[in-house]
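Worksheet: one structure, shown below.
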Amino acid sequence: MFQATRRRLALWYTTVTAILLLLFASGFYLYVRHTLVERIDDTLNHVAEVVQRSLIVEAVDSYPIDAANGGDRGRFQVNIEASFPSPAEAVEDDHIDLEWFSPSGELLWSTFSAPLNIPLHPNDGETVYGRFSETDPTASTSAATSETSFKRYPSSFALRQITHRVKIGPQDLGYLRVSHPWFEVTTPSRQLIRDLSVGTTLTIVAVAAIGWFLSGLAIAPVRDSYQRLKQFTADASHELRNPIAVIQTNVQVALADPDPHLQQDQLRVVERLTRRLGRLVDDLLFLARQDSGMTPLKLDAVDLEELIQEVIEEQQSVATDKSLTLVLKPPESISTKTVFNKTIEAHQSYTVQGDRDQLTRLFTNLISNAVQYTPAAGQIEVSLQRVKQSGHTQIQIQVKDTGIGIPMESLPHIFDRFYRVDPARTTLPTHSTKPPTSTGSGLGLAIAKVIVDNHQGQISVTSVPEQGTTFCVWLPLLTTET
């Protein structure tokens with residue numbers, strides 16, 4: 001499922017990037033091609049202007065009647081021999097070719113080796129395709145002197161041309177056509193297409209690889225969340241199924257045997273199991289709400305010394321039943337100051353800003369966990385003190401027991417949900433008439449970690465098997481500025 005999603009993400013990423021690259025490459029190609037055409041047109045126009053300025057125009061006394069000029073008798077004509085002395089010397093290095101036509105469209109002079117079969121019409125720049133016509137024996141002999149054109153062009157070719165009408169006043173002197181090989185646009189354009197194709201292909205391949213890598217990074221948290229949710233659901237189902245199965249068994253036994261004493265025993269077991277189910281559901285609901293952010297903190301000033309003392313009093317009866325010593329070590333809360341030459345003792349504050357209900361749950365879980373896993377005649381000590389961390393004053397709360405301890409390999413996972421070092425230790429004793437002090441589902445310490453994180457605190461655990469365990473919690477001290 002996640003691999004298919006990853007492939008789709010990578011494909012979409014690559015497709016979008018490829019489209020953008022193709023659009024960029026197309027735009028860049030069109031821009032370069034347009035620039036090349038503009039440069040050639042500028043060159044052609046410049047050559048046309050230079051040639052027109054260098055034309056030698058002569059006045060004539062008589063000139064044949066030109067029907068194209070409405071029958072008016074012309075007064076000027078271009079001296080072709082003087083204006084175009086040598087076709088072989090005409091801007092050959094720039095691949096420029098010139099043609100001069102009479103006002104009626106007859107080719108009078110050309111640098112081409114043969115006439116072109118391209119129609120004559122004035123324009124400011126166009127691309128034409130044509131070939132050489134058979135040599136006209138009546139054409140100017142000067143055209144035959146240019147062999148470079150024949151070597152330069154194949155039998156059919158493309159040209160970029162401009163054609164200007166040359167006039168003096170109302171009189172047309174003729175037409176000047178300037179040509180430039182089109183391959184000076186097509187050759188670099190083709191090379192640019194090849195370069196862009198190779199570059200775009202390599203870039204798309206690289207983007208595909210990067211997209212696959214990035215999609216893997218993007219899908220990893222989703223996969224981890226899904227796996228956690230899947231594991232959470234499986235563990236929750238398992239934890240709920242066992243008590244329900246035991247309840248069903250006890251109810252069936254009670255219904256099968258009408259003995260009142262046996263029914264009373266079975267009902268006590270059912271009652272304990274329903275309490276366990278209630279606590280388990282409550283823990284699951286708490287974690288679900290915390291994950292979704294549906295439970296905002298009710299922040300108040302909370303005196304930790306007072307709160308922990310209340311929790312110890314609640315757990316004292318359970319500790320006494322197990323012959324455990326549960327004490328709150330007197331904190332170093334006495335400070336002295338001198339006022340009017342008198343020494344006054346003042347209690348230091350152990351106040352934090354937090355949610356009282358959540359903090360009560362935090363220390364109840366830690367202390368009840370210590371009570372559960374400390375054997376008879378053991379000792380559980382809770383202590384508070386102020387410490388400095390990173391320049392800030394914090395309250396350190398320690399819950400230290402002389403219990404069975406936690407194996408070293410289990411310490412990194414001790415705050416994971418549903419993690420239990422030894423599941424057999426949490427099995428509900430059916431002979432006891434008191435409810436268990438812990439859920440036995442592996443949620444107590446996970447909830448403790450969530451609560452500490454909610455209060456911008458820290459929690460750690462150290463343990464030595466068969467010697468005891470120490471949980472340390474650090475919470476920011478609430479300070480009042482005056």
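The values are calculated or read from the model by the stated rules, or taken from the named source; none is laboratory data. It should be emphasised that the depicted structure is a prediction, and the values quoted were computed from it without experimental measurement. Quick reminder, even Gly has a Cβ in these numbers, built from the backbone with ideal geometry, and neighbours come from all protein chains shown.
Out of 262, 285, 202, 217, which single residue is touching a helix residue (DSSP H, G or I) at 6+ places or on another chain (Cβ under 8 Å) and either part of a helix (DSSP H, G or I) or under 30 Å from residue 444 (Cβ atoms) (or both)?
Among 262, 285, 202, 217, only 262 is touching a helix residue (DSSP H, G or I) at 6+ places or on another chain (Cβ under 8 Å) and either part of a helix (DSSP H, G or I) or under 30 Å from residue 444 (Cβ atoms) (or both).
Residue-by-condition table, conditions (1) at pLDDT 90 or above; (2) closer than 24 Å to residue 276 by Cα; (3) in contact with an Asp or Glu (Cβ under 9 Å, 6 or more places away or on another chain):
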position: 413; (1), (2), (3): no, yes, no
position: 420; (1), (2), (3): no, yes, no
position: 429; (1), (2), (3): no, yes, no
position: 434; (1), (2), (3): no, yes, yes
position: 467; (1), (2), (3): yes, no, no
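Assess whether residue 169 counts as being farther than 30 Å from residue 273 by Cβ and surrounded by 15 or more Cβ atoms within 10 Å (Cβ to Cβ). Before you say what the answer is, go through the steps one by one.
On the way: farther than 30 Å from residue 273 by Cβ: yes; surrounded by 15 or more Cβ atoms within 10 Å (Cβ to Cβ): no.
No.
Taking the condition farther than 19 Å from residue 287 by Cβ and at pLDDT 90 or above, does residue 390 pass? Quick ask: steps written out before the conclusion?
Values: farther than 19 Å from residue 287 by Cβ: yes; at pLDDT 90 or above: no.
For residue 390, the condition - farther than 19 Å from residue 287 by Cβ and at pLDDT 90 or above - is not met.
Taking the stated definitions as given, is residue 15 modelled with pLDDT of 90 or more, surrounded by fewer than 15 Cβ atoms within 10 Å (Cβ to Cβ), under 30 Å from the mean Cα position of the chain (by Cα) and outside any loop (DSSP other than H, G, I, E, B)?
On the way: modelled with pLDDT of 90 or more: yes; surrounded by fewer than 15 Cβ atoms within 10 Å (Cβ to Cβ): yes; under 30 Å from the mean Cα position of the chain (by Cα): yes; outside any loop (DSSP other than H, G, I, E, B): yes.
When the stated conditions are applied, residue 15 passes them.
Is it the case, given these coordinates, that residue 176 is modelled with pLDDT under 80 and not basic (Lys, Arg)? Break it down into steps so the answer makes sense when it comes.
Details: modelled with pLDDT under 80: no; not basic (Lys, Arg): yes.
It is false that residue 176 is modelled with pLDDT under 80 and not basic (Lys, Arg).
So which strands (runs of 3 or more DSSP E) stay within the range 295-356 end to end and still have 1 or more residues that are more than 27 Å from residue 283 (Cα to Cα), at pLDDT 80 or above and in the same structural domain as residue 450 (by TED's automatic domain parsing)? Walk me through how you get there before you give the answer.
Numbers: elements: 299-303, 325-328, 334-339, 342-347, 351-355.
Per the criteria, 325-328.
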